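Everything below concerns the one structure shown next.
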Amino acid sequence: MAVKRTRRAAASLSMALLGLYCFSFSSSHPAMVDAADPNIVRKNNHKFWSLRGGALIDAATKIDFDDNHGGLSLCGVGVRKKGPIKVYSVGMYSDESAKSSIASLPKNKSALTSLRKSLKSSKTTSFLLKMNFKVGAEKMADAIAESVDPRTSDKGAVESLKKLIMDGVAAKGAATPGTILQFDCSSDASVKVSVDGKAVGSAPGLSEPFCDVFLDDNGVSPAFRESVIENCCGVASSSTSSSSTATHSSSSHNPIHIVGSLFYHKLKLPKLPYKYNALQPIISEKTLRAHHLKHNAKYVEAVNEIIGEGGASLKHLSMEQIVKSKALKESNPVLYNNAAQCWNHLFFWRCMSGSGGGGEPKGLLAKTIRQDFGSFDNLRKEMETSSIKAFGSGWTWLGYDKKQKKLVVSTMTGAGNPLIEGIIPILAIDMWEHAYYLDYQDNRKEYINGFFDRLVNWKYAQQNLKHAMGKGFVPETVHHVSHHGLPLVAALFSANLAKKTAVHMLFQQS
């Protein structure tokens, strides 16, 4: 009987992991495009929320929010996602005076500053968090407290808030899908906590920092902030309940793409994953500083200027959408080239390691290289030859062709990126002169040898390959459970690790 129960448990776990795999990889995305990275234009491929007759529906989770709650009016809704996992939806309610304070303002981020000031004098501002993903009491409390903590110096109040959340959620076991956490931010600066309508208690002095968790520039849901702007700004010279409802109703037939469509998230110069002197002696500090602070910065500045002047037709585009578009490359080559250079450099910085780089790859990447090129030496020679023979400036790429299911090498001139041909980048070498000329003059071969011997980040390349091939830690575990009888404890560990990662990011910026 014990053996049968163990087998049934293992079978159930296998099905659960398989479901997790299907859920986690239902919308594939290359590892090198980090949607959580604020330096990249956010990807406009989801209808995060839409208007429905005065109420707002978060289309990502299908969770709706009534137009009024406890005598307060709905300002906006958003979704908190981690990869494909839709963790929760949030709705903010406040009085009409807060909404009217920004009703006549244009739809841009500056309106949020005015709203945050107005909320200080509002009697109550409520945030409703409607869960779509199970989270334990302690983890839920830790996640919220960690987000409020850097926004206040009152650590005692943060601990009080943490305990209230933990006690409220623990009373029902966990914050399961459907659980509603309500946080009422009052004019006396306290935050009242309720779980599923049951009051738990109040934490003093945290009203403003709690509001900032969702409304400041580092708020946890850009989707939420844009929803507030769309629904509260540019409505009328003075907002009233009837005019607000009329505006909602007139838009109810038109689901709105919010990511990037209301205002442009300006690119920022990405931080390097290592110090400027970390790549010496292969790449000098002088070269890396000039490359990053001058050339990379110039591309970022150019993209911001072009999109800022280009109107709504450009502001909804993500970085990856630009780089993949052959039509845009022809119609707006200046935008395309500068945007591609921003993407290429962000990727290239990660292709190098400040410590432990170089040598030969291992694991899946090494196996795939042997399969497609015969040996690592053959791959290295092909990339070296391709780079040296290339005319002018450009990039040498190792990519994965999903149609042919094989690795391919290509050198593309200018800002060329293999995404435009449907090839997923795995590794890149910058062959523009500013990447190496101060150190090597015209000796490209020595630069490339140094890259392979001391700098190349094979772990990052392997991560990219796994995502390109639809593989990874969770799907590999499912495969072993299904075909090789992976021990139950290992399967449990992998599932818990995947969930822990998602929970840890709960209240960090999307």
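The values are calculated or read from the model by the stated rules, or taken from the named source; none is laboratory data. The shown structure was predicted, so the numbers you read here are calculated from the model rather than taken from an experiment. Don't worry about glycine lacking a Cβ; one is built from the backbone with ideal geometry, like all the others, and counts go over all protein chains shown. Accessible surface areas use protein heavy atoms only, side chains included; no ligands, DNA or RNA. Shrake-Rupley method; radii C 1.70, N 1.55, O 1.52, S 1.80 Å.
Take the alpha carbon gyration tensor of region 406-475, find the square roots of its eigenvalues, order them as a ≥ b ≥ c, and report rounded if a/c is under 1.5; if not, report prolate when a/b exceeds b/c, else oblate.
On the way: a/c = 3.26, a/b = 1.69, b/c = 1.93.
Note, shape of region 406-475 comes out oblate.
What is the percent carbon and sulfur in the accessible area of region 124-242, measuring with a 1.4 Å probe over the protein chains and ignoring ligands?
47
Just to be sure I understand the model, the point goes 7 Å from the Cα along the line to the Cβ. What's the resulting residue 155 to residue 327 distance in nm?
Output for this residue pair reads 5.6 nm.
Compute the length gained on full extension between residue 375 and residue 390: take 0.36 nm times their separation in residues and subtract their Cα-Cα distance, giving the result in nm to one decimal. Write down the numbers at each step before the final one.
Details: separation 15, 0.36 × 15 = 5.40 nm, distance 2.30 nm.
Full extension of this stretch gives 3.1 nm more.
Stretched out fully, how many nm does the piece from residue 413 to residue 108 gain, at 0.36 nm a residue minus the Cα gap?
Stretched out fully, the residue 413 to residue 108 stretch lengthens by 106.0 nm.
For region 313-407, run through the trypsin sites (Lys or Arg not before Pro) and keep only the ones in DSSP coil with at most 15 other Cβ atoms within 10 Å of their Cβ. Display every interim value, and only then the final one.
Working: sites: 315, 324, 326, 329, 350, 362, 367, 370, 380, 381, 389, 402, 403, 405, 406; in loops: 362, 402, 403, 405.
Filter output for region 313-407: 362, 402, 403, 405.
Which cross-chain or sequence-distant (5 or more) residues have an amide H under 5 Å from the amide H of residue 427, H modelled 1.01 Å from N in plane?
398
Multiplying the sequence separation of residue 471 and residue 433 by 0.36 nm and subtracting their Cα-Cα distance, what value in nm do you get? The partial results should precede the final answer.
Details: separation 38, 0.36 × 38 = 13.68 nm, distance 3.57 nm.
My answer for the length gained is 10.1 nm.
Run the simple label-point estimate for residue 309 and residue 443 please: 7 Å along Cα→C-beta, distance reported in nm.
4.3
How many Å² of accessible area per residue for region 65-113, probe 1.4 Å? All intermediate terms of the calculation are to be shown ahead of the outcome.
On the way: 1570 Å² over 49 residues.
Result: 32 Å² per residue.
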